[in-house]
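All of the numbers you see were taken from the coordinates with simple rules; none came from a lab. Values in this document were obtained by computation on a predicted structure and should not be read as measured data. When we count neighbours, we look across all protein chains shown, and the Cβ atoms used for this are built from the backbone with ideal geometry, even at glycine.
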There are 2 protein chains.
Amino acid sequence: MPHLAAHDIMHMFIALAVLLGAAKLAGELMQKLDQPSVLGEIMAGILLGPTLLGHFKPELYAFIFPSTGNLPIALETVTTLGVVFFLLIAGLEIDLRSIFRQGKSALLVSFFGVIIPFAFGFGAAGLFPRFLGAAPGADRLIFALFVGTALSISALPVIAKILMDLNLLRSEMGTVVMSSAMFDDLVGWILFSMILGMMSGGGTSMAGVKRTIVLVLAFVVLALTIVRWLIDKLLPHIQAHTSWPGGVLGFIFTLTLAAAAFAEYAGIHAVFGAFIIGIAVGESTHLRKRTSELIHGIVTNVFAPFFFASIGLRTNFVANFNLPITATVIGVACVGKLLGAGMGARLGGMDRRTSWGVGLAMNARGAMEMILGLLALQLGLIRETMFVALVIMALFTSLVSAPAIKFLIGRRRKITLKDTVNAKLFFPALKSQSKEQVLHEMCIAAANAVSNSPERFLRLVQERERVTTSGWENGLAVPHARVNGLLEPLVVVGRVAQGIDFDARDGKLARLIILILTGDNQSQHDLLLDAGELFSRKEAVEQALHAETFVELMAALNAPVH
Amino acid sequence: MPHLAAHDIMHMFIALAVLLGAAKLAGELMQKLDQPSVLGEIMAGILLGPTLLGHFKPELYAFIFPSTGNLPIALETVTTLGVVFFLLIAGLEIDLRSIFRQGKSALLVSFFGVIIPFAFGFGAAGLFPRFLGAAPGADRLIFALFVGTALSISALPVIAKILMDLNLLRSEMGTVVMSSAMFDDLVGWILFSMILGMMSGGGTSMAGVKRTIVLVLAFVVLALTIVRWLIDKLLPHIQAHTSWPGGVLGFIFTLTLAAAAFAEYAGIHAVFGAFIIGIAVGESTHLRKRTSELIHGIVTNVFAPFFFASIGLRTNFVANFNLPITATVIGVACVGKLLGAGMGARLGGMDRRTSWGVGLAMNARGAMEMILGLLALQLGLIRETMFVALVIMALFTSLVSAPAIKFLIGRRRKITLKDTVNAKLFFPALKSQSKEQVLHEMCIAAANAVSNSPERFLRLVQERERVTTSGWENGLAVPHARVNGLLEPLVVVGRVAQGIDFDARDGKLARLIILILTGDNQSQHDLLLDAGELFSRKEAVEQALHAETFVELMAALNAPVH
């Protein structure tokens, strides 16, 4: 029986340590730049791969990532688990019901947002397969189907982040875009798994195509009906009768592995099985938020970075960069998506500017295109030039979406304190006796609400405090800080009966303390302005100080400014 | 470059799904029987391996766990990661400072608790190597060193659980045993890694032995001084400047992988590197409890089960069972540990009965012996009969320790409410308006305190409530339940100003509600008895009801019973 020798194990741990360390480091740097961390993880891989390290230090590269012996298999095992579990959490994020709840606009945006870029990609690839990087010997129809699919999937997590940053997630445009992107994800993966099935199941013969379509649809329908129903029935029992979180994690991960095995057996890829099971599990109303957060944390922190970093190891991104292919892919992808999704939004009754916004948001691509490209590369369907073009297209469209929407929609909707306060973060009687303690107490509450580090929040608030005092007039203090990576503003409202010295200009002790933490400067600016307008009069502060309950606080915040 | 074909991927996911599913299921069953879940995980592997499934359904076994192609490598990659990360958390649990804080007794128990079983094992194996299952061609000295080491390591997590169950963890005996077991772990692993080094580094030649001793000691000393200091300096910065938990998890896992690689490079096994790094990280006062809990959760739920289940796949436990070897191993292990640790305790000034108790507690073996045995088997040092004997010895001593100590020490120390109440679980003014709501509110608080499932707690309390009402006299209600797997009793004290109907015999509404959740019947019995004695008079309940702060509550609980 083949087994790992000592030097295999050593190389495996070297490779994994280098990949994880570099991926996490670059991911954190990207977060500081307010970009998704997955971008950093991919770039770390490109730096470590044949593009840079392999090119300039080939011996070191060969030492870290040997291409002989058992190491490639060991590494592929870890990255395969990484991508399968990543698709699990991608599935968990999809909310089938919300797609249909959105009604006409969402359906139209989804439909045209898929069909037009698909048609563009299919047409371009069908007409010029060699030019667009079809591998020698690849079936023309399958290649055209692949390119069409690869250009039509949107990147759900990227889109969600962009909309949050722009405070548009809960707007009409935001909900329509999110629902449509979920639908596109689902349709795109069904299409892609059919293509995979055709490739393994005897090409494009009528019988082969039929078999694949039947298998994929049967799997999707079964998983989203009977299996989903079973999961929904089982989850409460598992949560009640087993230890938390071991029982429910074991259940969900086992299901995912089994679905991945079944999908491979059916001739489609393991990732598709994990994705569909993710949707089925996520649909259960019994899945607790803490459980899905835990799964999210395990996968994004421990498994997925290995996969994303490994993308860069596959090829030399400089040597295989081909400007005509890349430009064509980017052009066709953007035009198709903008026109398709935009047209859908127009037909759904949105105004012209919002419709363009929908198109721009839906245009963001991400991890899914890279996974698709990687599988197609492994299966010998596309050449490395096309793979590189797809990765660059995904990176480019992700990066360009937010600035483009900002430019188009212009000034974003202003956020107010009323939007952001929260009963759980309202403390009518803080126990602390000093400024230091108050800030610490409030930072702990804020950090717990988003499972972040209180030390980090406190450090940022104190740094800001050193620049300018946060004690305002009339007994109000508004400590605040910008916290990179915070998706939504956090506002903690606290009251101290005896008052605490915040160095206010009027010398009064602060009794109403509003801690404002935001991920971006704009929201911070909005919220500070709102606080200033609301509490410019002493009476307004007094009214808030007399609010015993959260409802009364809301009433105070709602008071018209005189 | 070798890579995973589609059928390799399918088999990999089948094998992983079967292993994880069976391991978690059996682990949960064991927890219900009040045994460590790792026992279930190992047994699941034995059932799935050559012992049962492979014996009776060889074709099915060969389908799930093919011994050809790339599957064995893929599986070994996952189980190797599992055991390396398991050693990381084993290291995190070790508290170097507490070892030395315990002073003379702990040092004597550690010293004799290692030296005597080591001498017994070394002697027996040196005299009768063939009989004790040395592999043909194994070096006699190395084999004797191995057996000595394998018999001297205690199982820290098993011992901790036994002491907790017996309410002895915080007794003098408990702290001495825990410190000594930690020390034994450390010494045992250093010894074992030296043996590994000798095997790979040129046998027992003087130069080889010297090189190994130097390497191992240098690694341990460096890791526990400079590296530990560096980690302690870096952790606060990482927690302050990166996203939680991604940043700190990435740091610790990367360090672990790098240490594993370095240990392999030094000719000792990867697991040793992970273990020592675990100690170094665990020593940092800046490591937050939530971080180490998260790592613990990720490893025990997702990685370690693959490893423990895979132990059973290695061999046929029935065909390779050899009664003389197994009986000898168990006998030598028990006698050596009982005498050694017991003698150390006596010399440290403990009374005779407690000294035997120390010996019995230290006698529990566990995962470490199995890991050692597995490595020795892979390296061709021992035969399968000896491997099976070691696994059975570990299981046997784990299972027998608790009943033996119970029998020896006799009735355990009674637990009182005062021991178990906690400021965080004292609610002077519950908001709920009904019995149902009160129970739910208190169960949520209790479940959050131990990261368990509130639904499960509530269901158990309600089941118990159906059997007998928990409304006592004078406005006191004592809902309670036994919760399998709970390590320490959880007591939540709540007060309801307006009173709530708990069906008390005297018809009064309950205003003081004490929720008692215990892992065993004995603690439940103790606590209910204590509550009954304390609050038998109306005045005692009133005193507790007037306690505004936790300190006042403690005072009320401290009141002498009239």
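What is the fewest-to-most order of B:8, B:232 by other Cβ atoms lying within 10 Å of their Cβ?
Values: B:8 21, B:232 16.
Fewest-to-most Cβ neighbours within 10 Å comes out as B:232, B:8.
Of the options A:497, B:440, A:115, report the single residue whose Cα projects farthest towards the positive end of the charge dipole of the protein assembly as shown (beta-carbon charges: Lys, Arg +1; Asp, Glu -1).
Positive-end residue among those listed: A:115.
Just counting partner chain Cβ atoms within 10 Å, what average do the residues of peptide A:449-455 show around their Cβ?
Values: counts 0, 1, 5, 3, 13, 4, 8.
Mean partner shielding for this stretch: 5.
Would you kindly work out the equivalent ellipsoid of the protein assembly as shown from its C-alpha gyration tensor and give its semi-axes, the square roots of five times the eigenvalues, largest first in whole Å?
Square roots of five times the eigenvalues give 48, 44, 27 Å.
Got a sec to turn the phi values of segment B:389-398 into Karplus ³J(HN,Hα) couplings, 6.51 cos²θ - 1.76 cosθ + 1.60 with θ = phi - 60°, whole Hz, x for Gly and Pro?
The phi angles translate into 4, 5, 4, 5, 4, 4, 4, 4, 5, 4 Hz.
If each residue of separation counts as 0.36 nm, what is the full-extension length gain between residue A:225 and residue A:3 once their alpha-carbon separation is subtracted? Mind dumping the intermediate values first?
On the way: separation 222, 0.36 × 222 = 79.92 nm, distance 4.14 nm.
Full-extension gain reported as 75.8 nm.
Name the trypsin sites (Lys or Arg not before Pro) in segment A:427-459 that are in a loop by DSSP and that have at most 10 other C-beta atoms within 10 Å, would you?
A:431
Starting at the first residue of segment A:73-79, write each ³J(HN,Hα) from the Karplus equation 6.51 cos²θ - 1.76 cosθ + 1.60 with θ = phi - 60°, in whole Hz, x for Gly and Pro.
3J(HN,Hα) across segment A:73-79, in whole Hz: 5, 4, 5, 5, 4, 5, 6.
Loop-only check: which trypsin sites (Lys or Arg not before Pro) in segment B:123-172 are DSSP coil with at most 16 other Cβ within 10 angstrom? Mind dumping the intermediate values first?
Values: sites: B:130, B:140, B:161, B:170; in loops: B:130, B:170.
Answer by residue number: B:130, B:170.
Using a 7 Å offset from the Cα along the Cα-to-Cβ direction at both residue B:542 and residue B:318, what is the distance between the two label points in nm, to one decimal?
7.1
Subtracting the Cα-Cα distance from 0.36 nm times the residue separation, let me have the gained length for residue B:63 to residue B:213 in nm, one decimal. Don't skip to the answer; put the middle values down first.
On the way: separation 150, 0.36 × 150 = 54.00 nm, distance 4.43 nm.
In short, 49.6 nm is gained.
For residue B:382, what residues show an amide H to amide H distance below 5 Å, using hydrogens built from the backbone and excluding near sequence neighbours?
Amide H neighbours of residue B:382, under 5 Å, 5+ apart: B:135, B:377.
Quick one: grab the alpha carbon gyration tensor of segment A:311-427, order the square roots of its eigenvalues as a ≥ b ≥ c, and give me rounded if a/c is under 1.5, else prolate or oblate depending on whether a/b is larger than b/c.
Numbers: a/c = 2.82, a/b = 1.73, b/c = 1.63.
It is prolate, given that a/c is not under 1.5 and a/b is the larger ratio.
With +1 on each Lys and Arg Cβ and -1 on each Asp and Glu Cβ, and nothing else charged, work out how big the dipole of the protein assembly as shown is about its Cα centre, in Debye to the nearest 20. Don't skip to the answer; put the middle values down first.
Numbers: 88 positive and 78 negative charges, 36 e Å.
My answer is approximately 180 debye.
Quantify how strongly other chains surround peptide B:73-86 by giving the mean number of their Cβ atoms within 10 Å of each of its Cβ atoms. All intermediate terms of the calculation are to be shown ahead of the outcome.
Numbers: counts 13, 8, 2, 11, 14, 4, 1, 6, 8, 0, 0, 4, 1, 0.
Neighbouring Cβ atoms belonging to other protein chains average 5 per residue here.
Counting only other chains, and only Cβ atoms inside 10 Å, what mean value do you get across the residues of A:255-261? Don't jump to the answer; show the numbers that get you there.
Details: counts 3, 4, 10, 7, 2, 7, 10.
Mean shielding count: 6.
Whose amide H sits under 5 Å from the amide H of residue A:480, counting only residues 5 or more places off or on another chain, with H placed in the peptide plane?
For residue A:480, whose amide H was placed from the backbone, the distant partners under 5 Å are A:516.
Pop out the ³J(HN,Hα) list for segment B:58-71 in order, Karplus 6.51 cos²θ - 1.76 cosθ + 1.60 with θ = phi - 60°, rounded to Hz; leave Gly and Pro as x.
x, 5, 4, 4, 5, 6, 6, 10, x, 9, 10, x, 8, 4
In nm, give the distance between the simple-model label positions of residue B:482 and residue B:289, each being 7 Å from the Cα along the Cα-to-Cβ direction.
Going by the 7 Å Cα→Cβ label model, 2.8 nm.
Between residue B:339 and residue B:529, what is the label-point separation in nm under the 7 Å Cα-to-beta-carbon projection?
Between residue B:529 and residue B:339, the label points sit 3.9 nm apart.
Sequence neighbours fewer than 8 away in the same chain don't count; with that in mind, list the lysines whose C-alpha is under 22 Å from residue B:435.
Of all the lysines, those that pass the test against residue B:435 - Cα under 22 Å, at least 8 places apart if same chain - are B:424, B:508, B:538.
Residue A:414: which aspartates and glutamates have alpha carbons under 14 Å from its alpha carbon, excluding same-chain residues fewer than 8 sequence positions away?
A:165, A:488, A:520, A:526, A:530, A:533
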